[in-house]
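Input: a single structure, listed below in structure tokens.
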Amino acid sequence: MKTVSIVVPVYNEEGNVKELHQEIMDVCTSQGYEYEIIFINDGSSDRTDEICRTLKPLKYIEMRRNFGQTAAMDAGIHAATGDYIITMDGDRQNDPADIPKLIEYLEANDLDVVSGWRKNRKDTPAKKFVSRGANLLRTLIVKDHIHDSGCSLKIYRRECFEGLTLYGEQHRFIPALLEIRGFKVGEMVVNHRPRTAGVTKYNWKRTVKGFVDMVSVWFWNHYASRPLHLLGGIGMAFFALGLASGIWSVVLFLTGYDMSDNLMAPLLTVFFIVLGIMMFIFGLMSEILLKIYFNTSDAGYRKAYSIKEVVEIK
């Protein structure tokens, strides 16, 4: 039987961690899994730390400060030892009872990743509206064929994370990042429960960061190995506009137009040509930097967070 690691980032969830740990333990025990539960305390300011240290069995990771959900999830994933890695939120809205279903679906369809789909969400109307808008943008930009990338309840084969480090708000786009690398991604409907304790950590700042990371994933998917095709193409377009503006300036001059009264055409010519050359140069520099990145032995292993302590509670 495959071993299972359940990774749960928690931040100010003193009212949820004990019950969630018990639920996960009950499911894994009833299924006869060889398992480990990993809680990552992402700089909580309430009693989350105190309560987590009373739970067992537990691999407990304490971050030095609040680095964000993606950083905490990355720390937990790289501390996991199981063949299957299951991630979920610490607010108890994800249902641990779905864990056996995720494993069964992954194995039955020979997938590397299965993402949960909260088809019947138990969130506020405002949160649903923002989430649906984000999903629409993600469908248009990233095109990862996932209905609900914001759902933290997912299962991965361990090899998915070899050489992969998460940044920003990229935990939402892990299936897209893995699909880019050739892994097989699937999706299944999971249960979603209303929050019964604590408060939501989502706000407009996370939405903005998520959009920026969405653009980053799009770029990585299409132009990571050939940035010159994007930046150089934009540079050539600006250069063409500069040439057109230059021709316009020459035509005005030859027709006797007094250029001293209107310098718009010459100024646009210089602006577009210079901008086009700069974009082309940026494309060349990006190409060089990415070649250096891909040829660096430790590329992908740089951490943007700091772990204070890792405790094995048995």
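Coordinate-derived values only; no laboratory data. On a predicted model such as this, the values are computed, not experimentally measured, just so you know. Glycine also receives a Cβ, built like all others from the backbone with ideal geometry; neighbour counts cover every protein chain displayed.
Ordered by residue, what ³J(HN,Hα) values in Hz, to whole numbers, does segment 12-25 give under the Karplus form 6.51 cos²θ - 1.76 cosθ + 1.60, where θ = phi - 60° and Gly and Pro are x?
6, 10, 4, x, 10, 4, 5, 5, 5, 4, 5, 4, 4, 5
Amide H of Thr3 versus every other amide H placed in the peptide plane: which residues, excluding those fewer than 5 positions away on the same chain, fall under 5 Å?
For Thr3, the qualifying residues are Asp83, Tyr84.
Once you have the Cα-Cα distance between Asp83 and Arg193, take 0.36 nm times their residue separation minus that, and quote the gain in nm to one decimal. Walk me through the numbers on the way to the answer.
Working: separation 110, 0.36 × 110 = 39.60 nm, distance 2.73 nm.
Length gained, Asp83 through Arg193: 36.9 nm.
Going by C-beta contacts inside 10 Å, put Thr269, Thr255 in order with the fewest on the left.
Thr255, Thr269
Using Cβ contacts closer than 10 Å as the measure, can you line up Leu289, Leu231 from fewest to most?
Ranked by crowding around the Cβ, least crowded first: Leu289, Leu231.
Kirkwood Rh over Cα pairs of segment 1-94 into Stokes-Einstein at 4 °C, 1.567 mPa s: D in µm²/s?
99 µm²/s
Sorted by mean Cβ packing within 10 Å, highest first, what order do the peptides 13-21, 75-83, 187-195 take?
13-21, 75-83, 187-195
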